[in-house]
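The values are calculated or read from the model by the stated rules, or taken from the named source; none is laboratory data. Since the structure is predicted, the reported quantities are computational estimates derived from the model, not experimental observations. Here Cβ is always computed from backbone atoms with ideal geometry, including for glycine, and neighbour counts include all displayed protein chains.
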Amino acid sequence: MLSKFNLANTVLVGMSQAVSVRPDRCGRMCHKNYECTLCETNCPMQAIMIGAVGTNINVNWDKCSYCGICVNICPTGVYGVREISYSSFLDTYLQKLTDKGRIKLSCKENLKQNKNEESVTGGNIRSAAEKPHDKEDSALLECMGILGMPDILYLYLYGAKEIYLDFPKCVECQNRYGREIFEDELDELIKLAEYFENLKDVQITRTNSEIKIIFPKQFEKKIVSITEENAVKRAQQVTRRGIFDILRQNATDTALRSASLLTPQEIPSRTLFNDKKEVPVKRKIFLNSIIGLGKLLKEEISVGSYFFSMRIDSEKCTFCKVCTRFCLTGALSVSEDGKQILFTAAYCVSCGMCKISCYQKYIKTDKTVYLKDFFSETVKVTTGLP
């Protein structure tokens, strides 16, 4: 049994590792008027319950299916992949990238269906010509709901030219929102393609059972900087079947239930206000990715799911600095001389905390983002102080 602990603390099949929880990054833990319910309403198992300000986020680990939807859906990075960085989590899937830049993603529900079909048809489901992306050669996800546009861009910029996603059972799966959430992320990718040269001719094909993404340019395959021994283990763990089922089967055991696999990280009984600002990891991956997308085709983009901008009425601002204190990602800060509020558009996730915390309502959202300013370090907001 203890050997399962060691295995659980590395990368398993998709999101089979536990989800970490950071209540200090949640706006509802910081402000009574913050009304975000994304994690609660999108959790397919209804396993998440947000407490009052200064309390905690309660996760029912008996219900949690580790689909990773909360990791993808939370803009401020409350939820994450435990025991490993998120980029390392994505690097695990890059282990399955072929020399031609093809990567195939599937889920364990799909494998169950594949086994049933093989038992009926003798395994001769389709010819190799009809099905070049065999399920047997797929990297496994617990649910496609963990994938967002930043993840797709990451895989692309590190060598993936063709990404196949094989998920025919999404409608029947307990993680029923997974495909719908990923479809929304694909729509964002299509919008982004209008603005960057290397995405201009991206091709996305969708059917009931499959999604195919083909990029116009192939980047050099990423060489993951891990030891040979760990590389072998991680490559095996991506495609290893049944690990998650074994862990779930043993979840009733008291020792496993108290292990790090099925419990959130240690947090105080009351969540303290977080003065240390941190950009969510998915946001960092997105920012690093768009830098590599080539020449800009347009300079202005409407605000949306990934590009945001705001302004402060400098004539009325009293410079109380409350907005900088409540900003969860550090997008708003005070200049070193103390005379300006600095806004870094790249760090903004449009959580709305600044607008809620400004009791005078002097903060407004812009309708357009100027991409050249977005890539600059900071945009200075003069407050009208002498």
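Here are a few things to note about the model shown:
- Among the residues of region 75-95, those identified as out of contact with any strand residue (DSSP E or B) (no Cβ under 9 Å at 6 or more places or on another chain) and not small (Gly, Ala, Ser) are 75, 76, 84, 90, 91.
Residue-wise test of (1) closer than 30 Å to residue 359 by Cα; (2) surrounded by fewer than 21 Cβ atoms within 10 Å (Cβ to Cβ); (3) among the polar types (S, T, N, Q).
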residue	(1), (2), (3)
37	yes, yes, yes
43	no, no, no
63	no, yes, no
69	no, no, no
85	no, yes, yes
90	no, yes, no
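- Residue in region 194-214 that is among the aliphatic types (A, V, I, L, M) and at pLDDT below 85 present: no
- Within region 37-61, tally of residues that are part of a loop (DSSP other than H, G, I, E, B) and touching a residue at least 60 places away in the same chain (Cβ under 8 Å): 6
- Filtering 342, 328 for residues that are surrounded by 14 or more Cβ atoms within 10 Å (Cβ to Cβ), among the aliphatic types (A, V, I, L, M) and either assigned to a loop (DSSP other than H, G, I, E, B) or assigned by TED's automatic domain parsing to the domain that holds residue 35 (or both) leaves a single hit, 328.
- Within region 283-316, the only residue that satisfies the criterion of being touching a Gly at 6+ places or on another chain (Cβ under 6 Å) and surrounded by 13 or more Cβ atoms within 10 Å (Cβ to Cβ) is 314.
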